[in-house]
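Written out below as structure tokens is the structure these notes cover.
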Amino acid sequence: MATNKKAAVPKKAAGKQAPQKVAAKQAPKKAAEKQAPQKVAAKQAPKKAAAKQAPQKIAAKQAPKKAAAVSNESMLEKLFLDSLRDIYWAEKSLIKVLPRLSKAATSPELQQSFQEHAAQTEGQVTRLEQVFEMLGKKAQGVKCEAMVGLTKEAESMISETKRGTETRDVALIMAAQKVEHYEIATYGSLATLAAQMGNSEAKNLLGQTLQEEKNTDMRLTQLAESNINQQAEQEGNEGEQGQEGSGDDEKNLSKEGEVEEG
Ligand code: FE
Ligand code: FE
Ligand code: FE
């Protein structure tokens, strides 16, 4: 089409063409200038559309699978509920594990700290049950593989240290702080999510537990720094072989700490 026009034009008056050519040359420039922002807009538009479509696509893929069991539950709500079930299982497990850490501990202060946190943990379980109730869901635990792993690690740290030593306590504090940090990460995320979803009551409950976990972590640090670490350093090599502890009640924390699902 364009070539035909160009071919036809030169045959007509050359003098008239000049201004037309100029106009013709300018016109496309103006048009180009005007188009430029349009092109940009056109390029951006699909990106925005794609970004908006992405979650819709996922939702569309999942929707048919969930449709039978769950209605009106967003992906974020499901993630929140799954995380709630995970930490619920973990807390119920800890109610059984913490007293055993207390029995394995050497210093009365650390024993007491574990006992107190075990009692506190029962309150944390109750809070989680309140959150489940708010959501209209049955309080149900789903095995937390992280807590199983952390408990196994605590178990091996106990078996590698000698009963009645401060080095045992250093190991227990280390293992327990790993647990507390896992809980801090979980409750921090859950409290933030609850706020995001507009559930301020749940946010407050989860926030209370978050603070308890932080306090427990700080208490363990205080115990370690106040004297336990120092005393352990003075123990030297005496407690190097810790197999004596393996015959008592400290074995198989993870087995005994496991909680039935549901
Ligand atoms: Fe806890
Ligand atoms: Fe977990
Ligand atoms: Fe805790």
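The values are calculated or read from the model by the stated rules, or taken from the named source; none is laboratory data. Small disclaimer: the values here were computed from a predicted structure and weren't measured. Here the Cβ is made from the backbone with ideal geometry for all residues, glycine too, and neighbour counts use every protein chain on show. Side chains included, ligands, DNA and RNA excluded: accessible areas come from the protein's heavy atoms. Shrake-Rupley method; radii C 1.70, N 1.55, O 1.52, S 1.80 Å.
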Notebook entry, point to check: In angstroms, what radius of gyration and Dmax does segment 139-182 have, counting Cα atoms only?
Noted result: 12.2, 40
Margin query: Could you report the accessible area of VAL142 in Å², rounded to 10, computed with a 1.4 Å probe on the protein chains as they sit in the structure?
Written below: 70
Checklist line | Cα shape, segment 109-175, gyration tensor, a/c 1.5 rule | finding: oblate
Check: If you average the sequence gap of Cα pairs under 8 Å that are 6 or more apart and divide by the length of segment 63-210, what percent do you get for the contact order?
Finding: 26
Item checked: Per-residue SASA entry for TYR182, accessible area with 1.4 Å probe, Å² rounded to 10 -> 60
Checklist line | Extension gain from ASN229 to THR192, taking 0.36 nm per residue of separation minus the Cα-Cα distance | finding: 9.8 nm
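With r as the distance between the Cβ atoms of LYS178 and GLU109 and R0 = 30 Å, compute the FRET efficiency 1/(1 + (r/R0)^6) and round to 0.05. Walk me through the numbers on the way to the answer.
Values: r = 20 Å, r/R0 = 0.66.
For GLU109 and LYS178, the calculated efficiency is 0.90.
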